[in-house]
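Everything on this sheet refers to the single structure shown next.
The values are calculated or read from the model by the stated rules, or taken from the named source; none is laboratory data. Just so you know, these numbers come straight off a predicted model, no measurement behind them. Here the Cβ positions follow ideal geometry from the backbone for every residue, glycine too, while neighbour counts run over all protein chains shown.
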Amino acid sequence: MPSFENVTEHWNLCKPAVAGRKGIVATNHYEVSEIGADVLRRGGNAVDAAVAVSFAIGVVEPWNSGLGGCGFMQVFDAARRKVTSIDFGTVSPRGIEVGDYPLAGGTAEGGFNWPAVIGDRNIVGPLSVGVPTLVAGMARALETFGTRSWASSLEGAIALAERGMLIDWYASLLLASEAAEMARFPDLAALYMPGGHTPAAGWSGPLPRLDLGPLAATLQHLAEAGPGDFYHGVLADRIDADARRIHCPLRKVDLESFEARVCEPSVGQYRGATVHSAPGLSAGPSLLHALELLEAHTLAPAPDAATYMAYAESLFEAYRVRLATMGEVARAPSSTTTFSVVDGDGNMAIVTQTLMSGFGSKIRLPQTGVILNNGMLWFDPVPGQPNAIAPGKRPLSNMAPTVVLREDRADFGLGALGGRHIFPAIFQLISFIHDFGMDPGEAMAQPRIDVSGGEEVTVDARLKGPVLNALGAGHPVAVEQNGVLPEAFACANIVMQDKSGGQSAAVHIPMPWALAVAV
């Protein structure tokens, strides 16, 4: 009998879909959604808004993303009905030595279930760092599809950084969840654990704000000097100097040699819809495979036990192939963010960006305030494997921002955060909308399951009775609630544009800060 001991939150939450016709921005932070919506109000397009959101959200969610991160963007040009991908995934530094990652025996708890490396040096610390590529990705997106200036794109992020981080209960909770790890890294702890403890509001009075050190100055310099400075100029020199101080192999040459790629997405068909997801070493190909498998099943008019069994079977097989052929495995923490934008013309920008783990490598560079990702986490530490550690190499990732085009119904775009949970969530949300006619709000409220490469099916606690019994008959089942923390399921957001110009959007319901804002 499945245990319900993990069901601890008892409240009824709802966030209905937000409607509009002039554009909507859906992010995991209410202030950042407003920043993106303001870009649309001023005449910017979906990519303009997405670039502004990208930098701003790294300020208010520094554990998830930031200047030291990486990601993928899907851009939908509504006039041409064309989807283009921007790949700004990380790359390993050229100066790494494979011998610096000796196996320790056993399995790493925080490393995608890879064999453990001595000292977890591929997961935290100086040797876990991948090349920071987010700035290059946003610059490439703006120059290819945007209409606003580079400097204006950073205005919202600069304002947030100058003001400092607002410390409400949710910020305190998330910082506390990282406190034990942060305490091991003085440069990070000095900022986010002032006085050696997690900042928190008092029982009454105004919420405190956390000074973010040199981050505002770094963003201001980046706005004035341009994105190239991060890779070739003063900021690159500062990053190089700070990396050398802590014996991190990241060097200016790694920054200078990186270029974000504008490329074709992974494309597949699903019951008459065309699905465009992230390309290459992402979860996009696995998402398309799972949808191909699902299409062989006949689904009922509404999600029932057979529907969820079909989801589980498709995900089990898609993950089996993913693990056998691409090398990545499940079970790892993830600190990623995702956001979705549609503008008044129906153009979309769907972005997923990440530092990988919470606060990435835990390395905060003191001259710039940049927190570096731990991209080496994504590599298999066993030599000779397809995804093995090597200098100057791209690893696999779980990101899968996706755009779905339908000739007779609304187009929609969606993304999710949550590491191994990402593509199973996107897979089910596509089915909820396309197969069952749900709007974004209904799809986000519909309970999901999760299959992430192991033998177990994780089931939303709301799926009781026939669904739970059917899944439990064939697989080990864990019952979890889709709550605030811990996050047992991916956190997604969706934007939609119908043929008459009507738009709607929805965000992850349990996330306290998440909000969709219509123009």
**OP:** Would you check which residues across region 150-165 are among the hydrophobic types (A, V, I, L, M, F, W, C) and surrounded by 17 or more Cβ atoms within 10 Å (Cβ to Cβ) and list them?
**Re:** Trp150, Leu154, Ala157, Ile158, Leu160, Ala161, Met165
Original post:
Considering region 293-324 alone, what residues qualify as being in contact (Cβ under 8 Å) with a residue 12 or more places away in the chain and either part of a loop (DSSP other than H, G, I, E, B) or within 23 Å of Cys263 (Cα to Cα) (or both)?
Top reply: His297, Leu299, Pro301, Ala302, Pro303, Asp304, Arg322
**OP:** Hey, could you check region 1-34 for residues that are farther than 27 Å from Lys499 by Cα and among the aliphatic types (A, V, I, L, M) and say which is modelled with the lowest pLDDT?
**Re:** Met1
**OP:** Output the number of residues of region 236-258 satisfying the condition of being touching a Ser or Thr at 6+ places or on another chain (Cβ under 6 Å) and in a helix (DSSP H, G or I).
**Re:** 1
**OP:** Might you check whether a residue that is surrounded by fewer than 19 Cβ atoms within 10 Å (Cβ to Cβ), in contact (Cβ under 8 Å) with a residue 40 or more places away in the chain, over 18 Å from the mean Cα position of the chain (by Cα) and in a loop (DSSP other than H, G, I, E, B) occurs anywhere in region 24-39?
**Re:** no
Subject >> Subset of region 103-133 [crowded, with 18+ Cβ neighbours inside 10 Å and either in a strand (DSSP E or B) or in contact with a Phe, Trp or Tyr (Cβ under 6 Å, 6 or more places away or on another chain) (or both)] >> reply: Ala108, Ala116, Val117, Asn122, Val131, Thr133
Subject >> Cβ-Cβ under 7 Å pairs, at least 6 apart or on other chains, region 483-507 side among the hydroxyl-bearing types (Ser, Thr, Tyr), far side in a strand (DSSP E or B) >> reply: Ser504/Val18; Ser504/Ala19; Ser504/Met496
**OP:** List every residue pair whose Cβ atoms sit under 6 Å apart, with the two residues 6 or more apart in sequence or on different chains, where the first one lies in region 229-244 and is small (Gly, Ala, Ser) and at pLDDT below 95 and the second, anywhere, is in a helix (DSSP H, G or I) and surrounded by 19 or more Cβ atoms within 10 Å (Cβ to Cβ).
**Re:** none
**OP:** Filter region 318-363 down to residues that are at pLDDT below 95 and either under 20 Å from Leu288 (Cα atoms) or aromatic (Phe, Trp, Tyr) (or both), then give me how many there are.
**Re:** 13
Original post:
Do we find that Ala176 is part of a helix (DSSP H, G or I) and surrounded by 14 or more Cβ atoms within 10 Å (Cβ to Cβ) in this structure?
Top reply: yes
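To keep it simple, each residue is scored yes or no on (1) buried (at least 23 other Cβ atoms within 10 Å of the Cβ); (2) of a type in the set (A, V, I, L, M); (3) more than 19 Å from the chain's Cα centre (by Cα).
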| position | (1), (2), (3) |
| --- | --- |
| Gln428 | yes, no, no |
| Gln446 | no, no, yes |
| Val459 | yes, yes, yes |
| Gln481 | no, no, yes |
| Val484 | no, yes, no |
| Asp498 | no, no, yes |
| Ala505 | yes, yes, no |
| His508 | yes, no, no |
Original post:
Looking at Glu178, Glu155, Glu162, which one is out of contact with any Cys (no Cβ under 7 Å at 6 or more places or on another chain) and within 30 Å of Arg394 (Cα to Cα)?
Top reply: Glu178
Original post:
Would region 191-205 turn up any residue that is touching a residue at least 60 places away in the same chain (Cβ under 8 Å), surrounded by 15 or more Cβ atoms within 10 Å (Cβ to Cβ) and within 22 Å of Phe258 (Cβ to Cβ)?
Top reply: no
**OP:** Taking the options Val47, Val53, Val75, name whichever one is more than 25 Å from Met165 (Cβ to Cβ), in contact (Cβ under 8 Å) with a residue 40 or more places away in the chain, in contact with a strand residue (DSSP E or B) (Cβ under 7 Å, 6 or more places away or on another chain) and part of a helix (DSSP H, G or I).
**Re:** Val47
Original post:
Among the residues of region 386-393, is any closer than 30 Å to Trp63 by Cβ and polar (S, T, N, Q)?
Top reply: yes
